[in-house]
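These notes are about the structure you will find just below.
The values are calculated or read from the model by the stated rules, or taken from the named source; none is laboratory data. Note that the structure is predicted; figures quoted are calculated from it, not measured. So basically every Cβ, Gly included, is an ideal-geometry build from the backbone, and we count neighbours across all protein chains shown. Accessible surface is based on the protein model in full, side chains and every heavy atom, while ligands, DNA and RNA are left aside. Shrake-Rupley method; radii C 1.70, N 1.55, O 1.52, S 1.80 Å.
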Amino acid sequence: MNTPQLRFPEFNDEWKVSTYGKHLDIKSGYGFKASEYSEDGVPLIKIDNVSHGKIIWDNTSYLPKFYLNKYPDLSLDEGDILLALNRPITRNKLKIGMLKKEDSPSILYQRVGKIIFNTKDLDKKFVYYLLCVKIYRFVIKNSVGSDQPFISVVKLKKMYLTFPKRSEQQKIASFLSKVDEKIELLEKKLKLWEKYKKGIMQQLFSQKLRFKDENDQDYPDWEEKKFNEIFDFLSSNSFSRADLNYELGDFKNIHYGDIHTKFATILDCKSTEIPFINENINLDNINMENHCNDGDLIIADASEDYDDIGKSVELKNVENKLLAGLHTLLVRDNKGFTVDGYRGYMMQDFDVRLQLMRFATGVSVLGISKKNLSQILLKIPSVNEQRKIADFLTQVEAKLEKIHNEININKEFKKGLLQQMFC
C-alpha cells in the first residue's frame, strides 16, 4: 500500500503514484556574461547560492533591474523551489532551496533549475519537502559524472513521486515548516551569540574591558612576548585520512581538517570523537615527549583560505595516547607563562589572527611555518587575569555549544520526519 510510516490520524487514503514529468518540469537558468553585471540591481542566484534548504547571499552578483522584464521566464519570486543541477550534493546534503520574501525578486543563473508546476494538484511547500527526500535518493542513484556530478533532466522526468490529496499535503507542509522555523530561530540565536563572542573577545584582548582582582584592584599591565619565548615545538606526524578510523586503535590522532571544520577552541578529548590511527601502522619511532598533553596547542599549518590559516585547538581531558597529525604544529608552554584554558582563546585574538594571515605563504594552499609562527607577538596578562578571561569565555563557548546541540537535535528530528512522512 502506497502510504508512509508516519501519518496524521485523520487521513487514511492511499497515496497516488505518478511521475515527476506528469506534474512538474524544471527550467534551467542562463549564463549571463560578467560584462552584463551591475553594482546593484537584481541579484543572480548561482549554484553556490543554493544551500541546504535555503538561499545564501555570499559573493552576490547583480544584473540591471530591467532584466526582470527582459527575461521574465528567468525571474524568481517568493516560494519558488530551486535545485542545483551541477554538484547537487555537498557534504551529503542536497542543494535545494525555497525562496523567501527577502530572496525575491531575483534571476536564475545557469546550472540552477527552477521547479515548474504543471498542475494544481500539488502544494508548493509539500513538493519542496517531497523533493528533498526523492531527489536526494535520485541523485545518489542517477547523477552523472564524478568530479562534478549533474542531474539529467530527462531521467528526472521519469522519477516516480507518491503524494496524497492536497489537504494532507498542506498539513504535512505546515508541520514541517514549523520545524524549519524552529531551526531558523536557533540559527539566528547562534549568530547573535557568535557576534557577541567576537565582540567581547575584541574588548578583552584590546584591554578595553578588564577584570579586577578579589580586592577590586587592577591586575598588572599585560606583557608582550614572541611565540617562541612561550612555546616549545614538538613533533607531529603526516598520517592521511586513509590511515585513520573511528573504531579502534592504540593511538588517537588530530587531523588538521577536523581543526578547520568541527573541533571546538578548547577541545575536550573525553567528549569529542577523535579518530584512531590504524593498527597496521608502526608507531615505535614516536617519542613519548611528542604525545599530546592537557594544555597543548595544536595548530593547523595549512589552509585554503586566510580565515582558517593557523587555526588552533587547546587540548583538555586527554585520556588516550594522542598525537598531532597531518599539517599540524604541536606546541607546549613548558615555562608556565600561560594557564590552561587561556591559550586557545589567545590564538583567536584578532591581532594574532592578523599576524598569522600576514605570515602565511602560498597561492592555492596557504601555509604557516615554524619560523614565521615563532615571530608572532602574543599578549600575556597575569595568570590570575588569564584564568578569569578563560573562565568567562568558556561560559560563552558552553552557551554556543548548547545552541549548536539544539540545532543538531532538531535537524536530526526533521531528518527522521522526512524519512517517515513520505513514501
Query raised in the report: When ranked by the protection proxy of mean other Cβ atoms within 10 Å per residue, highest first, what sequence do the peptides 281-287, 131-137 form?
Result: 131-137, 281-287
Query - Cut-off 13 Å, label 7 Å out along Cα→Cβ of E401, residues of the stretch 183-222 by amide N - result: none
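Take every DSSP beta bridge whose two residues both sit in the chain, then give the antiparallel share in percent to the nearest 5.
Given both bridge residues lie in the chain, the antiparallel proportion sits at roughly 80 percent.
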Query - Extension gain (nm, one decimal) between S35 and R166, 0.36 nm per residue minus Cα-Cα - result: 42.6 nm
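Under a 1.4 Å probe, what is the accessible area of the stretch 145-297 per residue, stated in Å²?
Numbers: 9170 Å² over 153 residues.
Solvent-accessible surface per residue comes out at 60 Å².
Roughly speaking, what is the stretch gain from F233 to V153, that is 0.36 nm per residue apart minus the C-alpha to C-alpha distance, in nm to one decimal? Please report the intermediate quantities before stating the final value.
Values: separation 80, 0.36 × 80 = 28.80 nm, distance 5.50 nm.
That works out to 23.3 nm of additional length.
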**Report entry** Ordering of 188-197, 349-358 by packing [mean C-beta count within 10 Å, highest first]
**Finding:** 349-358, 188-197
Query - For the stretch 259-325 versus the stretch 385-423, the gap between their alpha-carbon centres in whole angstrom - result: 22 Å
Query raised in the report: Against the longest principal axis of the chain, how steep is helix 383-421, in degrees 0 to 90 to the nearest 10, with axes from Cα atoms?
Result: 20 degrees
Query raised in the report: Looking at Y160, N372, L330, which one has the Cα that reaches farthest to the positive end of the dipole of the chain (charges on Cβ: Lys, Arg +1; Asp, Glu -1)?
Result: Y160
Query raised in the report: Near the amide H of I116, under 5 Å away, which other amide H atoms are found, from residues 5 or more places off or on another chain, if H is placed in the peptide plane?
Result: D25, I26, K27
Report task. Please give the residues of the stretch 302-325, grouped as numeric ranges, whose backbone N is less than 20 Å from a label point set 7 Å along the Cα-to-Cβ vector of M288. Result -> 317-324
Query raised in the report: Ignoring ligands, DNA and RNA, what percent of the accessible area of the stretch 256-396 is carbon or sulfur (1.4 Å)?
Result: 47 percent
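I'd like to know how the stretch 311-423 sits against the 2.2 N^0.38 Å rule of thumb: what's its Cα Rg over that expected value? Spell out each step's value before the answer.
On the way: Rg = 19.2 Å, N = 113, 2.2 N^0.38 = 13.3 Å.
That works out to 1.45 for the stretch 311-423.
Just for the stretch 203-341, what percent of DSSP beta bridges are antiparallel, to the closest 5?
In the stretch 203-341, approximately 65 percent of DSSP beta bridges are antiparallel ones.
Give me the orientation-averaged projected area of the Cα convex hull of the chain, in nm², one decimal.
Details: hull surface 105.3 nm².
Taking the Cα atoms of the chain, their convex hull projects to 26.3 nm² on average.
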Query raised in the report: For the stretch 1-90, max minus min Cα coordinate along each principal axis, in Å, sorted largest first?
Result: 55, 26, 24
Query raised in the report: What does a probe at S364 reach in the stretch 285-313, counting residues whose amide N is under 18 Å from the point 7 Å along Cα→Cβ?
Result: 302-306
Query raised in the report: Quick one: Debye curve from the C-alpha atoms of the stretch 169-296, no solvent, what's log10 I(q)/I(0) at q = 0.11, 0.18 Å⁻¹?
Result: -0.75, -1.13
Report task. List, in the order given, every pair from K141/K182; K189/K411; K22/K178 whose Cα-Cα distance in the structure shown is over 20 Å. Result -> K141/K182; K22/K178
Query - Kirkwood Rh and Cα Rg combined as Rg/Rh, the stretch 59-103 - result: 1.04
**Report entry** Convex hull per residue volume in Å³, alpha carbons only, for the stretch 20-172
**Finding:** 119 Å³
Report summary line: Once amide hydrogens are built 1.01 Å from N within the peptide plane, the residues lying 5 or more places from Q110 or on another chain with amide H under 5 Å from its amide H are Y30, G31, F32
Requested in this report: Can you give me the three principal axis dimensions of the stretch 252-347 from its C-alpha atoms, in Å, biggest first?
Outcome: 37, 33, 24
Query raised in the report: What is the set of long-range amide H partners of A264 at a cut-off below 5 Å, with H atoms built 1.01 Å from backbone N?
Result: none
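Looking at the stretch 297-353, which GluC sites (Glu not before Pro) are in a loop (DSSP not H, G, I, E or B) and have at most 12 other Cβ atoms within 10 Å?
When the GluC sites (Glu not before Pro) of the stretch 297-353 are filtered for loop state and at most 12 Cβ neighbours within 10 Å, E304, E319 remain.
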Report summary line: Any lysines whose Cα falls less than 16 Å from that of K16, other than same-chain ones fewer than 8 residues away, would be K120, K134, K158, K165
Report summary line: Filtered hits (lysines, Cα-Cα < 29 Å from K371, offset >= 8 within chain) -> K198, K225, K226, K252, K262, K311, K316, K321, K335, K379
Query raised in the report: Normalised by the number of residues in the chain, what is the relative contact order in percent for Cα pairs under 8 Å and 6+ residues apart?
Result: 17 percent
Requested in this report: Estimate the FRET efficiency between K70 and N317 by the formula 1/(1 + (r/R0)^6), using the beta-carbon distance for r and 51 Å for R0, to the nearest 0.05.
Outcome: 0.25
Query - Percent accessible area from carbon and sulfur atoms, the stretch 136-243, protein chains only, probe 1.4 Å - result: 50 percent
Query raised in the report: Can you run phi through the Karplus equation (6.51, -1.76, 1.60; θ = phi - 60°) for the stretch 58-63 and list ³J(HN,Hα) in whole Hz, with x for Gly and Pro?
Result: 8, 6, 6, 10, 10, 10
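Could you give the length gained by full extension between L185 and N2, i.e. 0.36 nm per residue of separation minus their alpha carbon distance, to one decimal place? List each step's numbers first, then the result.
Values: separation 183, 0.36 × 183 = 65.88 nm, distance 3.47 nm.
This chain segment gains 62.4 nm when fully extended.
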